[in-house]
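A quick write-up on the structure given underneath.
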Amino acid sequence: MTTDDSLEARIPTDCPDDIREILLHAWSHDLDTLKKLLDSRGKASAQDPTTGETPLHAAIRACGPADEIHNDTDDGEEDGVVEEARSVIQELFFSGAIWNDVDSNNETPGCVADRLGRKALYNMCVDAGVRAELLFALMDGYEQLSSGSEDGADEEMTEADGPVENEGENIKDEAETAEAETNANRSFVPPEAGEKTVTSDEYLKSDLVYDAQKLVDSDLNGVMMSWETDIMNRSVASLIPDSAPGKRILNIGFGMGIIDSKFASLNPARHHIIEAHPAVLKHIATSEDCKFGPAWEASGPEEGAFKVHAGKWQDVVPKLLAEGEVYDAIYFDTFGEDYAQLRMFFTEYVTGLMDQDGKFGFFNGLGADRKICYDVYTKVVEMHCAEAGMDIEWEELDVDIPGMDESGKGEWEGVRRRYWTLKKYRLPTCSFMG
């Protein structure tokens, strides 16, 4: 279906006058007038109640599709309209525009830029997303700093530490106030506004259903599916080059056992699995189709070499650290947890769990429902890995599987929504610097 990118379709005549004025000046790249209109908080993210058009959408959409000459340029120097748009977009971001607002076509501004082939503008949106995610991570850190601790550690803060805590609270308070004020006057309802996000606690309480092709929870959310097999196989090959036997392996999140089956085929010296869901643990212990039950644990080269640890990784991993466990290959693939948990794992625990020459990987489904979110998280993970003293290498794999393009059909039959919509998978392999 062709998208109607015309001004008449995106900024209708019944748009409220104050919003319409901002959108029209953003569309015409009238920077001087637009600056005067962005005089109060929230104006930069004004949104048409019907189309969901924001000033960012308008500034990008007005450029139209790039031709073959300009499609491959990142700087836009040969295209005057892009230079004008860049200045407007920069001002909008400076004034608080939201990088990932979606319109009635379920497109963010970056999605529009990508569809139109405007790479320079797309990259601006990616960079804005990275800045936003890093700021959220910073605010989370400050929130933890000011929340107190069970052992009373924060009571030992020196006088010099105080302003840092207050500064964090101020940043967080200002951000929350800005968000509240921005949302107060917005009546546009995004296409996926009713989509429920599954939390880890809800997932662990849900019923699960196994079949040959997938594992789903009681709400038909896909927990793991057989189409991931190629990705898992390639991940093992990256974590254990040349399929070397005798490695020490830790996998967090068993699911359907796809990656653990591949790990087990390499004759590891040590193979530990952490799994939290009661239904998965029951499947492991009792299913004739699963080979990781008691008999597998008893088959290890020594007691405890092959083991399924029952519980949340946040509870199990500290015990493994205390016991001095070290691994050559670590893989992380949990369900219902946000990026903050993955980051906590590789910044706080991998350094103690992984051998100096070991490798760490994870299922990279971060933001996999749209390209720009995937690209944003790629950069964010790179930065946080560097902070943790790790290099990260990416390998791009094709996800060219029949039936992946349409919800409820093909690979997605019996699954409530697609958790993957991209044609490329970016496989991460992390190792210690130096």
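This table checks each residue for (1) touching a strand residue (DSSP E or B) at 6+ places or on another chain (Cβ under 8 Å); (2) over 16 Å from L7 (Cα atoms); (3) at pLDDT below 95.
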residue: Q47; (1), (2), (3): no, no, no
residue: T50; (1), (2), (3): no, no, no
residue: I69; (1), (2), (3): no, yes, yes
residue: G80; (1), (2), (3): no, yes, yes
residue: V88; (1), (2), (3): no, yes, no
residue: E91; (1), (2), (3): no, yes, no
Those residues of the range 177-202 which are surrounded by 13 or more Cβ atoms within 10 Å (Cβ to Cβ), at pLDDT below 80 and in a helix (DSSP H, G or I) amount to A178, E179, E181, T182
Where a residue in the range 278-302 is in contact (Cβ under 8 Å) with a residue 40 or more places away in the chain and its partner, wherever it lies, is open to solvent by less than 40 Å² (accessible area, probe 1.4 Å), with Cβ under 6 Å and at least six apart: A279/L208; V280/F254; H283/C290
Going through E348, E288 one at a time, which residue ends up being among the charged types (D, E, K, R) and more than 26 Å from A386 (Cα to Cα)? E288
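Yes or no: V236 under 24 Å from A310 (Cβ atoms) and either of a type in the set (F, W, Y) or open to solvent by less than 60 Å² (accessible area, probe 1.4 Å) (or both)?
Yes.
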Options K359, K379, K424; residue that is open to solvent by 30 Å² or more (accessible area, probe 1.4 Å), in contact with a Ser or Thr (Cβ under 8 Å, 6 or more places away or on another chain) and modelled with pLDDT of 95 or more: K359
Within the range 12-49, which residues are open to solvent by 60 Å² or more (accessible area, probe 1.4 Å) and in a loop (DSSP other than H, G, I, E, B)? T13, D14, S28, D39, R41
Give the residue that is nearest to G222 (Cα to Cα), with candidates limited to residues of the range 247-258 that are open to solvent by less than 10 Å² (accessible area, probe 1.4 Å) and of a type outside the set (G, A, S). F254
M224, sole failed condition from (1) modelled with pLDDT of 85 or more; (2) in a loop (DSSP other than H, G, I, E, B); (3) not aromatic (F, W, Y): (2)
In the range 332-356, anything open to solvent by less than 30 Å² (accessible area, probe 1.4 Å) and more than 18 Å from S200 (Cβ to Cβ) is listed as V350, L353, M354
Residues in the range 112-129: is at least one under 30 Å from D217 (Cβ atoms) and either among the hydroxyl-bearing types (S, T, Y) or at pLDDT 85 or above (or both)? yes
Quick check: anything in the range 208-217 open to solvent by 50 Å² or more (accessible area, probe 1.4 Å) and under 18 Å from W420 (Cβ atoms)? yes
For the range 266-280, does any single residue satisfy the condition of being open to solvent by 60 Å² or more (accessible area, probe 1.4 Å), outside any loop (DSSP other than H, G, I, E, B), farther than 29 Å from L397 by Cβ and modelled with pLDDT of 95 or more? yes
Going through the range 94-110 in order, the residues found to be over 20 Å from L38 (Cβ atoms) and open to solvent by 20 Å² or more (accessible area, probe 1.4 Å) are V102, S104, N105, N106, E107
Checking G403 against (1) modelled with pLDDT under 95; (2) open to solvent by less than 40 Å² (accessible area, probe 1.4 Å); (3) on the phi < 0 side of the Ramachandran plot, only one condition comes out false. Which one? (3)
Number of the condition not met by K319 [criteria: (1) among the charged types (D, E, K, R); (2) out of contact with any strand residue (DSSP E or B) (no Cβ under 6 Å at 6 or more places or on another chain); (3) not in a helix (DSSP H, G or I)]: (3)
Kindly evaluate E91 against the criterion of being surrounded by fewer than 22 Cβ atoms within 10 Å (Cβ to Cβ), assigned to a helix (DSSP H, G or I), touching a Lys or Arg at 6+ places or on another chain (Cβ under 7 Å) and of a type in the set (D, E, K, R). yes
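The values are calculated or read from the model by the stated rules, or taken from the named source; none is laboratory data. Treat the numbers as computed from the prediction; the structure is a model and nothing was measured. Heads up, the Cβs are rebuilt from the backbone with ideal geometry, glycines too, and the neighbour counts pull from every protein chain shown. We work out accessible area using only protein heavy atoms, side chains counted, and drop any ligands, DNA or RNA first. Shrake-Rupley method; radii C 1.70, N 1.55, O 1.52, S 1.80 Å.
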